[in-house]
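A.B. asks: I'd like to ask some things about the structure below.
The values are calculated or read from the model by the stated rules, or taken from the named source; none is laboratory data. No experiment lies behind these values; they were computed from the predicted model shown. Neighbour counts are summed over all protein chains in view; Cβ atoms, including those assigned to glycine, are modelled from backbone coordinates with ideal geometry.
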Amino acid sequence: MEIVGSSKIRKDAFDKVTGRAKFVDDYKRDDILYAVTFRSPRPHIKIISINTKEAEKIEGVVGVFTYKDIPGVNKVPIVFDDYPFLAENTCKFYGQPIALVVAVSKEIARKALKKIKLKYKELPAVFDPLEAMKKDAPKIYGKDNVFRTYKIRKGDINRGFKEADVVIERTYRTNYQVHSYLETQGMLAEPSVDGSITVYGSMQCPFYVLDAVSNILGIPQSKIRVVQTTTGGAFGGKEDVPSIVAGHTALCSFLTNRPVKLIYTREEDFDSMSKRHPGWINIKIGAKRNGKITAIKVKYVLDAGAFATLSPIVLWRGTVHSTGPYDIENVWVDSFAVATNKVPCGAFRGFGQPQANFANESIIDELAHELKMSPLELRRKNFLATGKKTATGHLIRVSCGLKKVVDEITRVSNFEKKWKEPQNKKGRIRRGIGIATSFYGVGLGAEGKFLEKAGAHVQIFKDGSVLVAVGNTEMGQGAFTVLTQIAAEILGAPYEVVNIVEPDTTRIPDSGPTVASRTTVMSGNAIIDACKILRKRIDEVVRDILGVRGKVISKNGYYYVSGKRISYFDAVKECYNKRIKMAEQGFYKVTGPTFDRKTGMGNAYFTYTYSCMVAEVEVDIELGTVKILRFYSGHDIGKAVNPVLAEGQIEGGAIQGIGYALYENVVLEEGRIITNNFTDYIIPTVRDIPGDIKVVIVEEKYPEGPYGAKGLGEPPLIAVAPAIANAIFNAAGKRIRSLPILTEKIVFQE
């Protein structure tokens, strides 16, 4: 291989560094209008009346729209379909959209907002998921405020605890995390004379947006065009919620018959857009004196907010992974996604796993402390490996590089020599080292398998240039570069002549959502499916031209057969001369996975990425400050299609995980976020990250992946927080069981 496995320059690099890339707010139209959103002023209200007359009188206001103006269905199409585009009779969280104001300028639209008169009755609210689960709690959803529950039952949990020599039980909590993308949510919609509409915007999943716009307008999807503009960060935050923003923008454009732009302010984005779910996790774990874990029991609760959105699927992933990358015979897990009167939570890099992993990897260290055993030794005694089973009973048959990753990370970090029991530390400034591991089911898994497919269209033009159409998006992760490399490798084409079609639902097949670290495997395989057919046709023409039979080898822009060669470009021209079909469709879907909701058993995912992280910290026990000295992050990703991009993903995940662990703290008062900007909500800056982030890549090939590749996007964040928490305990002897680990928690010990 000459292209796959090499660090090619990103396809989008030049446009972004030169400023040529156009974000949605860069799109201009002569007769454009601007929309703003009127929102609920309280966390739970009954709407008695809304008076928009004074707002409509303001010069420059074109319209004020409520749910009554929606020609289609007033539901965002996602999982439960319980979230209205615009509130009807009640609002369930502060900031829930009620009405849309459209005007000739943003300033006029915002002025009109203040003239809307809302008469309402305040209703009882509940903000804690554990309180919401009580019988006498205010009802937000159903009879019990529980959107979804899952369970896992493996082995005999009572027997497992009886066999244990040591049993401990702990409770852990995690807070929200904000995506902190640089570009806030934004959309532009414009109508056409034929009654169709085009939506441009910052998004991860154009076909989700297509569904939403069709729903709210009540028009066929064939009359809607959705185009992803250059997207300034996402991390899951532009998976489901852009459907709301797009629906609002499209509605305003449809009703005014003019282009409409809707761009959120930073505060508005904080207040109303999805976040990482806060989590409450109780774990009971038992082990023999020799370190073999005999049983684990988990209760996992996610604070879903006012509407379900993606919470059921987030909960499921967290449930499946809640016992960690360990071979444990007896498992009992109960999990709950619970409604509260707060902003709905949704997708965020890791998708329910960082919460569970923080708890699981913390209690593993706590168990090691009770056993007077090295945390590394305890983990090694219980790791998953080929021939072992996950908590759901999934037998691991191939591509399990966990041991290799751990061995390499602990070697480069010198973990075993640096780790010492915390009680031996003295002085105000103390240093420590911590370890954490994780595994990550690639793709959407059994609960999302109806979306687990991908289409691709590949066309080779007469001049040799290649256009690849897939339904995925580029949001900074380098997906289009990786997919280009895969196509170029198969075809034998120079990397420079292969390009990806911009995401446009009228030009691309549906390849499923760009989520769950699935793009390389799913769309990569769909591209391979199409390219193999094209390459077979090219090879036949090459053999005919060169007058020899045998295997055709491609290298450096040439095809070689038995010592003879022809350039890629000449071969393509000959294919056209011979009237060979030079465009092809590709498709890929996975077989399985499976999950039995009654028992929690099944092959939950088609493969797993395995990770190990080590943090070295310096703790000031008087001030409570934590400095990350060095961070080590290792991953078995099957095959690094582009090593530099893989390293970038890993480094970025480490930094985002450091923020989750130490800094990022959402504070609410009666359901309202009061830290709704980057002055109050702290994310890591260059001063807060270690100068040395050591990346380790292990390639334990997955036979069904493109050139053996697995997913990478999300694993680099998952185990960061527990590695840091374990390092803090190792340094200062203080076990912090909630995130973020703020300075006051260290000083005053929770």
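A.B. asks: Taking residue 362 and the conditions (1) surrounded by 24 or more Cβ atoms within 10 Å (Cβ to Cβ); (2) polar (S, T, N, Q); (3) out of contact with any strand residue (DSSP E or B) (no Cβ under 8 Å at 6 or more places or on another chain), which numbered condition does it fall short on, given that it satisfies the others?
C.D. replies: (3) is the only condition that residue 362 fails.
A.B. asks: While we're on this one: Exactly one of (1) crowded, with 24+ Cβ neighbours inside 10 Å; (2) within 21 Å of the chain's Cα centre (by Cα) is unmet by residue 730. Its number?
C.D. replies: Here residue 730 meets the rest and fails (2).
A.B. asks: State yes or no: is residue 569 out of contact with any Ser or Thr (no Cβ under 9 Å at 6 or more places or on another chain), under 15 Å from residue 493 (Cβ atoms), aromatic (Phe, Trp, Tyr) and in contact (Cβ under 8 Å) with a residue 24 or more places away in the chain?
C.D. replies: Working: out of contact with any Ser or Thr (no Cβ under 9 Å at 6 or more places or on another chain): yes; under 15 Å from residue 493 (Cβ atoms): yes; aromatic (Phe, Trp, Tyr): yes; in contact (Cβ under 8 Å) with a residue 24 or more places away in the chain: yes.
Yes.
A.B. asks: Still on this structure, please answer the following. Looking only at the stretch 100-146, which residues are in a strand (DSSP E or B) and surrounded by fewer than 16 Cβ atoms within 10 Å (Cβ to Cβ)? First the steps, then the outcome.
C.D. replies: To start, the set of residues in the stretch 100-146 that are in a strand (DSSP E or B) comprises 100-103, 117-122, 146.
Hits for the stretch 100-146 are 117, 119, 121, 122.
A.B. asks: How many residues, within the stretch 721-740, are touching a Pro at 6+ places or on another chain (Cβ under 8 Å) and part of a helix (DSSP H, G or I)?
C.D. replies: First, the residues of the stretch 721-740 that are touching a Pro at 6+ places or on another chain (Cβ under 8 Å): 721, 726, 729-733.
With the extra rule that they be part of a helix (DSSP H, G or I), the set shrinks to 721, 726, 729-732.
Of the residues in the stretch 721-740, 6 are touching a Pro at 6+ places or on another chain (Cβ under 8 Å) and part of a helix (DSSP H, G or I).
A.B. asks: Could we say that residue 112 is out of contact with any Leu (no Cβ under 9 Å at 6 or more places or on another chain) and free of Cβ contacts under 8 Å to residues at least 12 places away in the same chain here?
C.D. replies: Details: out of contact with any Leu (no Cβ under 9 Å at 6 or more places or on another chain): yes; free of Cβ contacts under 8 Å to residues at least 12 places away in the same chain: no.
Judged against the criteria, residue 112 is not a match.
A.B. asks: Give all pairs with beta carbons closer than 6 Å in which a residue from the stretch 399-417 that is assigned by TED's automatic domain parsing to the domain that holds residue 615 meets a residue that is surrounded by 23 or more Cβ atoms within 10 Å (Cβ to Cβ) and polar (S, T, N, Q); count only pairs at least 6 apart in sequence or on separate chains.
C.D. replies: 399/607
For (1) of a type outside the set (Asp, Glu); (2) free of Cβ contacts under 8 Å to residues at least 40 places away in the same chain, each residue gets a yes or a no:
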{"position": "633", "(1), (2)": "yes, no"}
{"position": "642", "(1), (2)": "yes, no"}
{"position": "664", "(1), (2)": "no, no"}
{"position": "683", "(1), (2)": "yes, no"}
{"position": "686", "(1), (2)": "yes, yes"}
{"position": "689", "(1), (2)": "yes, no"}
{"position": "699", "(1), (2)": "no, no"}
{"position": "704", "(1), (2)": "no, no"}
{"position": "713", "(1), (2)": "yes, no"}
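A.B. asks: Which condition does residue 475 not pass, out of (1) farther than 30 Å from residue 184 by Cα; (2) out of contact with any strand residue (DSSP E or B) (no Cβ under 7 Å at 6 or more places or on another chain); (3) among the hydrophobic types (A, V, I, L, M, F, W, C), if it passes all the others?
C.D. replies: (1)
A.B. asks: Of the residues that sit in the stretch 604-629 and are touching a strand residue (DSSP E or B) at 6+ places or on another chain (Cβ under 7 Å) and of a type in the set (S, T, N, Q), which one is nearest to residue 419 (Cα to Cα)?
C.D. replies: As a first pass, look at the stretch 604-629 and keep what is touching a strand residue (DSSP E or B) at 6+ places or on another chain (Cβ under 7 Å): 604-605, 608-621, 626-629.
Applying the additional criterion that residues be of a type in the set (S, T, N, Q) yields 609, 611.
On the way: 609: 26, 611: 20 Å.
In this case the residue turns out to be 611.
A.B. asks: Report yes if residue 399 is at positive phi and surrounded by 16 or more Cβ atoms within 10 Å (Cβ to Cβ), otherwise no. First the steps, then the outcome.
C.D. replies: On the way: at positive phi: yes; surrounded by 16 or more Cβ atoms within 10 Å (Cβ to Cβ): yes.
Criteria met by residue 399.
A.B. asks: Scan the stretch 638-657 and tell me whether some residue there is in a loop (DSSP other than H, G, I, E, B), surrounded by 24 or more Cβ atoms within 10 Å (Cβ to Cβ) and β-branched (Val, Ile, Thr).
C.D. replies: Scanning the stretch 638-657 turns up at least one residue that is in a loop (DSSP other than H, G, I, E, B), surrounded by 24 or more Cβ atoms within 10 Å (Cβ to Cβ) and β-branched (Val, Ile, Thr).
A.B. asks: Would you say residue 346 is without any contact (Cβ under 8 Å) to a residue 60 or more places away in the chain, in contact with a helix residue (DSSP H, G or I) (Cβ under 9 Å, 6 or more places away or on another chain) and not β-branched (Val, Ile, Thr)?
C.D. replies: no
A.B. asks: What number of residues within the stretch 154-172 satisfy the criterion of being surrounded by fewer than 18 Cβ atoms within 10 Å (Cβ to Cβ) and part of a strand (DSSP E or B)? Spell out how you get there, then give the answer.
C.D. replies: Step one: list which residues in the stretch 154-172 are surrounded by fewer than 18 Cβ atoms within 10 Å (Cβ to Cβ), which gives 155-156, 158-159, 162-163, 165-171.
Applying the additional criterion that residues be part of a strand (DSSP E or B) yields 166-171.
Within the stretch 154-172, residues that are surrounded by fewer than 18 Cβ atoms within 10 Å (Cβ to Cβ) and part of a strand (DSSP E or B) number 6.
A.B. asks: Another one. For the stretch 173-187: of the residues being not in a loop (DSSP other than H, G, I, E, B) and not polar (S, T, N, Q), which is nearest to residue 653 (Cα to Cα)?
C.D. replies: Our first condition is that a residue be not in a loop (DSSP other than H, G, I, E, B); within the stretch 173-187, this holds for 173-174, 177, 186-187.
Within this subset, residues satisfying the condition of being not polar (S, T, N, Q) are 173, 186-187.
Numbers: 173: 21, 186: 25, 187: 27 Å.
Going through the qualifying residues, I end up with 173.
A.B. asks: Name the one entry in 693, 697 that is under 30 Å from residue 523 (Cβ atoms), within 21 Å of the chain's Cα centre (by Cα) and part of a strand (DSSP E or B). Spell out how you get there, then give the answer.
C.D. replies: Working: 693 fails: within 21 Å of the chain's Cα centre (by Cα).
Of the residues listed, the single one that is under 30 Å from residue 523 (Cβ atoms), within 21 Å of the chain's Cα centre (by Cα) and part of a strand (DSSP E or B) is 697.
A.B. asks: Could you look through the stretch 261-310, keep only residues that are more than 30 Å from residue 25 (Cβ to Cβ) and touching a Pro at 6+ places or on another chain (Cβ under 8 Å), and pick out the one that is surrounded by the most Cβ atoms within 10 Å (Cβ to Cβ)?
C.D. replies: Pass one, the stretch 261-310, residues more than 30 Å from residue 25 (Cβ to Cβ): 278-304, 308.
When the remaining residues are screened for being touching a Pro at 6+ places or on another chain (Cβ under 8 Å), the result is 278, 280, 301-304, 308.
Working: 278: 24, 280: 21, 301: 24, 302: 29, 303: 26, 304: 32, 308: 24.
Only one residue tops the list, namely 304.
A.B. asks: Would you be able to tell me the number of residues in the stretch 452-474 that are in contact with a Lys or Arg (Cβ under 9 Å, 6 or more places away or on another chain), of a type in the set (A, V, I, L, M) and surrounded by fewer than 24 Cβ atoms within 10 Å (Cβ to Cβ)?
C.D. replies: Counting residues in the stretch 452-474 that are in contact with a Lys or Arg (Cβ under 9 Å, 6 or more places away or on another chain), of a type in the set (A, V, I, L, M) and surrounded by fewer than 24 Cβ atoms within 10 Å (Cβ to Cβ) gives 1.
A.B. asks: Provide a single number: the residues in the stretch 500-530 that are surrounded by fewer than 24 Cβ atoms within 10 Å (Cβ to Cβ), of a type in the set (S, T, N, Q) and closer than 21 Å to residue 201 by Cα.
C.D. replies: The total comes to 2.
A.B. asks: A further question follows. Please specify each residue of the stretch 10-34 satisfying the condition of being among the β-branched types (Val, Ile, Thr) and touching a residue at least 24 places away in the same chain (Cβ under 8 Å). Show your work before the answer.
C.D. replies: Of the stretch 10-34, the ones among the β-branched types (Val, Ile, Thr) are 17-18, 24, 32.
Across the stretch 10-34, the qualifying residues are 24, 32.
A.B. asks: In addition: Buried (at least 24 other Cβ atoms within 10 Å of the Cβ), under 30 Å from residue 675 (Cβ atoms) and touching a Cys at 6+ places or on another chain (Cβ under 9 Å): is that true of residue 322 in this structure?
C.D. replies: On the way: buried (at least 24 other Cβ atoms within 10 Å of the Cβ): yes; under 30 Å from residue 675 (Cβ atoms): yes; touching a Cys at 6+ places or on another chain (Cβ under 9 Å): no.
Criteria not met by residue 322.
A.B. asks: For the stretch 689-725, give me each residue that is modelled with pLDDT of 95 or more, surrounded by fewer than 22 Cβ atoms within 10 Å (Cβ to Cβ) and of a type in the set (Asp, Glu).
C.D. replies: 699, 700, 704 - these are the residues of the stretch 689-725 that are modelled with pLDDT of 95 or more, surrounded by fewer than 22 Cβ atoms within 10 Å (Cβ to Cβ) and of a type in the set (Asp, Glu).
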